[in-house]
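Taking it in order: structure first as structure tokens, then the write-up.
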Amino acid sequence: MSNGPGSDPRWRPLAAARPAMSAAWWQWVASRDSLTARLVSAGGQRAFRVRLLDQRLGRPRRDEALALGLPPTRHAWLREVALCLDERPWVVARSVVPLSGLHGQRLDRLGERSLGSWLFRQPDLERGPLEVSADPAPFHAASGPWARRSLFRHRRFAVLVQEFFLERMADDLGLPSR
Ligand SMILES: C=C(O[C@@H]1C=C(C(=O)O)C=C[C@H]1O)C(=O)O
């Protein structure tokens, strides 16, 4: 049974998903370095681009508020992007930033620059454990085999990054269906 579009994805620890995951997908899902950098590299001659889908203040979904330890009514800064190779979306990502740690980081000015390329330049960046889902992105129509999320911390700044790998990426790279 999978969740329908629009409902909260169900997340479980990375290790729990391993038996159902091909080795090829494990390389993508379990990696802890920058996904932006990996996509650029795997894309070869293809042009990489972050397409900004939405960026706003809003209420996190319930699963997001729980992961961040936020009261469910508290607003956060939400950013949704498609990571595209030659304009084809391979990954859609949604990031949730509690306002308490924002401190004028001016993330709204990132626009179509990758959040990852900023994050991974922070020397004291910490990344929490990866969690995995096989449910679709609640904010995007295209489906895919796997999604993952993890919490990044940089001093008082925290961001929950959720990345949904799309079927288009599997097709273009010749990856197995799961
Ligand atoms: C966390 C990273 O950043 C990526 C870029 C994002 C953005 O620009 O909003 C969002 C999520 C990630 O897919 C990364 O590159 O690993």
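The values are calculated or read from the model by the stated rules, or taken from the named source; none is laboratory data. These numbers come from a predicted model, not from an experiment. When we count neighbours, we look across all protein chains shown, and the Cβ atoms used for this are built from the backbone with ideal geometry, even at glycine.
Results, tabulated for the structure shown:
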{"quantity": "Checking Ala30 against (1) modelled with pLDDT of 95 or more; (2) more than 15 Å from the chain's Cα centre (by Cα), the condition it does not meet", "calculated": "(2)"}
{"quantity": "Residue in the stretch 40-58 that is in contact (Cβ under 8 Å) with a residue 12 or more places away in the chain, within 14 Å of the chain's Cα centre (by Cα), under 19 Å from Arg10 (Cβ atoms) and near the ligand (Cβ under 10 Å from one of its atoms) present", "calculated": "no"}
{"quantity": "Residues within the stretch 72-98 that are of a type in the set (A, V, I, L, M), in contact (Cβ under 8 Å) with a residue 40 or more places away in the chain and more than 9 Å from the ligand (Cβ to nearest atom), tallied", "calculated": "4"}
{"quantity": "Options Gly69, Gly128, Gly101; residue that is within 14 Å of the ligand (Cβ to nearest atom) and of a type outside the set (Val, Ile, Thr)", "calculated": "Gly128"}
{"quantity": "Among the candidates Ala17, Ala37, residue that is surrounded by 13 or more Cβ atoms within 10 Å (Cβ to Cβ), assigned to a helix (DSSP H, G or I) and away from the ligand (no atom under 16 Å from the Cβ)", "calculated": "Ala17"}
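The rows are residues; the columns are (1) within 19 Å of Ala137 (Cβ to Cβ); (2) surrounded by fewer than 17 Cβ atoms within 10 Å (Cβ to Cβ).
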site: Val29; (1), (2): yes, no
site: Gly43; (1), (2): no, no
site: Phe48; (1), (2): no, no
site: Arg62; (1), (2): yes, yes
site: Leu68; (1), (2): yes, no
site: Thr73; (1), (2): no, yes
site: Trp77; (1), (2): yes, no
site: Cys84; (1), (2): yes, no
